[in-house]
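Chemist: Just passing along the structure, written as structure tokens.
The values are calculated or read from the model by the stated rules, or taken from the named source; none is laboratory data. The shown structure was predicted, so the numbers you read here are calculated from the model rather than taken from an experiment. With ideal geometry, Cβ positions are generated from the backbone for all residues, glycine too; neighbour counts draw on all protein chains shown. These accessible areas exclude ligands, DNA and RNA; they are computed on the full protein's heavy atoms, side chains included. Shrake-Rupley method; radii C 1.70, N 1.55, O 1.52, S 1.80 Å.
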Amino acid sequence: MLNSVKIAKRALFVGLMALGLSSLSWAQSGGVGTWPAQKPIRLIAVFPPGGSVDQVARILAPALQSELKQNVIVENVGGASGVIGTSAMTRSDPDGYTFAVVFDTHGVNPSLKDKLPYDTIKDIAPVILVGTSPMVLVASKNSGITSFKQLVEQSKAGKKFSYGSIGIGSLGHLAMARLAKQAGFDWNHIPYRGGGPLMQDVLGGQVELAIGSEFLVKPHIESGGVIPLVITTAKRSPSLPNVPTIAESGFPGFSAPAWWAVLAPGKTPPAIVNAMNQAINKALKNPAVAAKFKAQGIEIVGGSPETLREFIGKQIAVWGKFVIENNIKETGQ
């Protein structure tokens, strides 16, 4: 009987020691347990290959892989202005192994779409605001347009131009819709499933104008495939110093930057969200990574999850109001 008691006490002691070591390990790791050692991390790019979201994800993936010592796999899940990919992320296990790279459409979709398959606030945990960038209005070589001044004059004279964006309710669409309304232009919007298909058509002359992030259009400007007309930020871009802003081209105060962010499923442990935030912040400070973003016109932001939460809230308020006031629907303007 005495031996049984001793054995039981010893077992209890060993169990408590193991629990203590486990708790110590958890505390030392910042509360993330074995993350990210268990399996590869899935980084969902919520637009098709060839666009800026895809490129941002593919710049981040190897940098995070090096930082976290774990494979980071980019998976393109495009469609519905980023909703399909974001929905796939929210349905994933909140274990820190699935994240999503989203675009500025994320802040518009709650007002644009009647029934989102997720709650933008409750079902999603903000991780980090990667960066912002000007959008650039470009013309196809077949359009005959060589300057914004010429485009404005012909539009005011009654000529109806068509412009493409990455989708209805995308920030590019809303920026051009705001400009058209302010100027009284009668422009026709053509939505695309992503930046890749959009640029294919403007390069081929199937659409006269396209609005896209500098990240997306800059390579085609440099190759001479498209003609840059104006950018949407308040200041000129250092990467495109000869391209005027809309604000200085007759529309004072106009500003509409593109942006990219990383999100996680809503119930992801805060410790893991913070650990991923720290890893991405470190990756963004890597000179090679920073140079890649800078070369594409993206101004790195970084910061805390709370910074992103506040930013998205403002985007939803500003552009959501524009969507509602102008009755913009998925079927058209």
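Chemist: Using a simple spin-label model with points 7 Å from Cα along the Cα→Cβ vector, what separation in nm is obtained for LYS115 and SER223?
Modeler: It is 4.2 nm.
Chemist: Report HIS220's accessible area, 1.4 Å probe, all protein chains in place, as a number in Å² to the nearest 10.
Modeler: 50 Å²
Chemist: Something else now. Enumerate by residue number the trypsin sites (Lys or Arg not before Pro) in segment 67-164 meeting two conditions: DSSP loop (anything except H, G, I, E, B), and at most 16 other Cβ atoms within 10 Å of the site's Cβ.
Modeler: Answer in residue order: LYS69, ARG91, LYS115, LYS122, LYS159, LYS160.
Chemist: Charges on Cβ only, +1 for Lys and Arg, -1 for Asp and Glu, centred on the Cα centroid of the chain; of VAL53, SER223, TYR192, which one is farthest towards the dipole's positive end?
Modeler: Projecting each Cα onto the dipole axis, the largest value belongs to VAL53.
Chemist: Averaged over all directions, how much area does the convex hull of the C-alpha atoms of the chain cover when projected, in nm²?
Modeler: Taking a quarter of the hull surface, the average projection is 19.1 nm².
Chemist: May I pose another question? So what J values fall out for segment 277-290 if you push phi through Karplus, 6.51 cos²θ - 1.76 cosθ + 1.60 with θ = phi - 60°, rounded to Hz, Gly and Pro as x?
Modeler: 4, 5, 5, 5, 4, 5, 4, 5, 8, 5, x, 5, 5, 4
Chemist: Tell me whether segment 134-231 comes out rounded, prolate or oblate; compute the Cα gyration tensor, take square roots of the eigenvalues as a ≥ b ≥ c, and use a/c under 1.5 as the rounded threshold.
Modeler: Oblate, since a/c reaches 1.5 and b/c is not below a/b.
Chemist: Then there is this: Just check segment 222-333 against the gyration tensor rule for me: Cα atoms, a ≥ b ≥ c as the square roots of the eigenvalues, rounded for a/c under 1.5, and otherwise prolate or oblate depending on whether a/b exceeds b/c.
Modeler: oblate
Chemist: If you count only protein heavy atoms with a 1.4 Å probe, what accessible area per residue comes out for the chain, rounded to a whole Å²?
Modeler: Accessible area per residue, the chain: 45 Å².
Chemist: Still on this structure, I have one more. Please compute the Kirkwood hydrodynamic radius over segment 58-147, one decimal place, Å, based on all pairs of different Cα atoms.
Modeler: Mean inverse Cα-Cα distance, inverted, gives 15.8 Å.
Chemist: Starting from 0.36 nm per residue, how many nanometres of slack lie between GLU325 and ASN274 once their C-alpha separation is accounted for?
Modeler: Full-extension gain reported as 14.7 nm.
Chemist: Now a separate question. At 0.36 nm per residue, minus the direct Cα-Cα distance, what do GLU75 and ALA290 gain on full extension? Give it in nm, one decimal, please.
Modeler: Value of the extension gain: 75.2 nm.
Chemist: Right, next: Would you pull out the residues with amide H under 5 Å of ALA258's amide H, same chain only if 5 or more places away, H placed 1.01 Å from N?
Modeler: Placed amide hydrogens put SER133, MET135 under 5 Å from ALA258.
Chemist: Another one. Using θ = phi - 60° and the Karplus relation 6.51 cos²θ - 1.76 cosθ + 1.60, list the HN-Hα couplings for segment 154-159 in order, rounded to whole Hz, with x at every Gly or Pro.
Modeler: With the stated coefficients, segment 154-159 comes to 5, 5, 5, 7, x, 6 Hz.
Chemist: Something else about it: Residue separation times 0.36 nm, minus the C-alpha to C-alpha distance between ILE300 and ALA183: what's the value?
Modeler: Once the chain is fully extended between ILE300 and ALA183, it gains 38.9 nm.
Chemist: Show which lysines lie in cross-link reach of LYS218 when reach means a straight Cα distance below 22 angstrom and same-chain residues fewer than eight apart are skipped.
Modeler: Correct list for LYS218: LYS141, LYS149, LYS235, LYS292, LYS294.
Chemist: Hey, another quick one. Suppose R0 equals 35 Å. What FRET efficiency, 1/(1 + (r/R0)^6) with r the Cβ-Cβ distance, do SER255 and LYS282 give to the nearest 0.05?
Modeler: That pair, SER255 with LYS282, gives E of 0.70.
Chemist: How charged is the neighbourhood of LYS235? Take every other residue with its Cβ under 14 Å from the Cβ of LYS235, and add Lys/Arg as +1 and Asp/Glu as -1.
Modeler: -2
Chemist: Here's something else I'd like to know. I need the phi-derived Karplus couplings for segment 122-134: 6.51 cos²θ - 1.76 cosθ + 1.60, θ = phi - 60°, integer Hz, Gly and Pro marked x.
Modeler: Using θ = phi - 60°, the values come out as 6, 8, 9, 9, x, 10, 6, 8, 5, x, 10, 7, x Hz.
Chemist: Once both labels are modelled 7 Å past Cα along the beta-carbon direction, what's the GLU310-LYS160 spacing in nm?
Modeler: Distance between the two pseudo-spin positions: 4.5 nm.
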